[in-house]
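The structure's right below; bear with me while I get my questions together.
The values are calculated or read from the model by the stated rules, or taken from the named source; none is laboratory data. Treat the numbers as computed from the prediction; the structure is a model and nothing was measured. Positions of Cβ are backbone-derived with ideal geometry, glycine not excepted, and every protein chain shown enters the neighbour counts.
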Amino acid sequence: MRESDFDAFSDCWEQACEGVGKLPSAKQIEWAFEVLKDKELSDIKQALVMHARDPQAGQFQPKAADIMKHMHGTKDDRKAQAEAAWRKVLDNMNRNHSAVFDDPAIHYAITVGFGDWQAICDFDSSKFECQQMYRSFINAYASFTGQPYQPRMIGVFEQAGATGESRYETHYIGDKAKALTVEAEGCAGSMRAFSAEDTLKAIEAVA
C-alpha cells in the first residue's frame with residue numbers, strides 16, 4: 001500500500017470491526033496500517049473477509065497478525081507459493097542483466113539463500129546440488145514476513161557500470177506494476193544474515 005491508501009484501508013478496517021460490534025481507535029488503525037503497509041490493499045480486504053468467516057477468531061476484532069495469517073495461508077499454500085516462485089526464478093536467470101521480481105519474498109530468498117543474483121544464476125540446475133539449492137530457496141522464501149530486502153537483483157553489466165553493447169538492462173519479471181513497487185520499497189544495504197532462528201522458522205513453515 002501507499003500512504004494515499006490509508007483512508008480506504010481505514011474504511012475497510014472499521015467495517016470489519018463494526019461487524020463484531022466494536023469500532024477500533026484511531027491508534028489501532030494507524031498501527032495496523034503500519035504493520036501491513038507492504039501488502040496490497042485488495043489482499044488485505046480479502047483477508048478481512050476470511051477473518052470474518054472464521055467461526056472462532058471472527059467473533060473478535062481483527063488484528064494485523066490475523067490478517068497476516070490469512071494472507072500467508074496454510075503450510076501447503078505457502079509451500080506451493082514458494083515452489084511457484086522457484087520456477088519463476090529458474091525461468092528468468094540471466095547473470096548479465098539485472099532483475100526485479102514482482103514478489104519481495106523472491107528478492108529476500110535469493111539474498112539470504114545464495115548471497116546475490118549472480119550467485120544463483122551461476123549454479124547448474126542439472127547437477128545434484130540443485131535439490132540443496134531448491135531447499136535453501138524454499139526455506140528462505142517461506143520465512144519472509146516483511147523483512148528488509150534488496151530492491152534489485154544486480155547483474156554483471158550493472159555492477160561493472162557497463163556501457164555500449166554491454167549496457168545493462170533491467171528485466172521486470174511478472175506483473176510490472178508490482179515489480180516497480182518491489183523496487184521502490186526495497187532497502188539496499190539493510191539485509192541481515194540468515195540466522196539459525198530464521199532457518200528453523202522456515203523449516204517449520206513448510207514442514
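Within region 79-110, can you find the residues that are under 13 Å from ILE138 (Cβ atoms) and either of a type in the set (Val, Ile, Thr) or assigned by TED's automatic domain parsing to the domain that holds ILE29 (or both)?
If the condition is that a residue be under 13 Å from ILE138 (Cβ atoms) and either of a type in the set (Val, Ile, Thr) or assigned by TED's automatic domain parsing to the domain that holds ILE29 (or both), then VAL89, ILE106, ILE110 are the ones that fit.
Answer yes or no: is there a residue in region 189-200 that is modelled with pLDDT under 90 and over 30 Å from LYS69 (Cβ atoms).
In the first step, residues of region 189-200 are kept if they are modelled with pLDDT under 90; the result is 189-200.
Filter once more, so that each one left must be over 30 Å from LYS69 (Cβ atoms): 189.
Checked against the condition, which is being modelled with pLDDT under 90 and over 30 Å from LYS69 (Cβ atoms), region 189-200 yields at least one hit.
Considering region 85-107 alone, what residues qualify as being under 19 Å from the mean Cα position of the chain (by Cα) and among the basic types (Lys, Arg)?
Result: ARG87, LYS88.
Of CYS12, CYS17, which residue is touching a helix residue (DSSP H, G or I) at 6+ places or on another chain (Cβ under 8 Å), over 28 Å from ALA140 (Cα atoms) and assigned to a helix (DSSP H, G or I)?
CYS12
Can you spot a residue in region 168-187 that is part of a helix (DSSP H, G or I) and modelled with pLDDT under 75?
The first filter runs over region 168-187 and keeps only residues part of a helix (DSSP H, G or I), leaving 176-185.
Checking the rest, the ones that are also modelled with pLDDT under 75 come to none.
Checked against the condition, which is being part of a helix (DSSP H, G or I) and modelled with pLDDT under 75, region 168-187 yields no hits at all.
In region 21-69, which residues are within 26 Å of SER143 (Cβ to Cβ), small (Gly, Ala, Ser) and surrounded by fewer than 16 Cβ atoms within 10 Å (Cβ to Cβ)?
Just the residues of region 21-69 that are within 26 Å of SER143 (Cβ to Cβ), to begin with: 31-48, 50-51, 54, 57, 62-69.
Those still in the list that are small (Gly, Ala, Ser) too: 32, 42, 47, 57, 64-65.
Once the filter is applied, which keeps residues that are within 26 Å of SER143 (Cβ to Cβ), small (Gly, Ala, Ser) and surrounded by fewer than 16 Cβ atoms within 10 Å (Cβ to Cβ), region 21-69 yields SER42, ALA65.
Take the residues of region 59-91 that are outside any helix (DSSP H, G or I) and modelled with pLDDT under 85: which is farthest from ASP102 (Cα to Cα)? Give the steps one after another, and end with the answer.
The initial filter retains those residues of region 59-91 that are outside any helix (DSSP H, G or I), namely 60-63, 73-74.
With modelled with pLDDT under 85 added as a condition, the list becomes 73-74.
Numbers: GLY73: 19, THR74: 22 Å.
Per the criteria, the residue is THR74.
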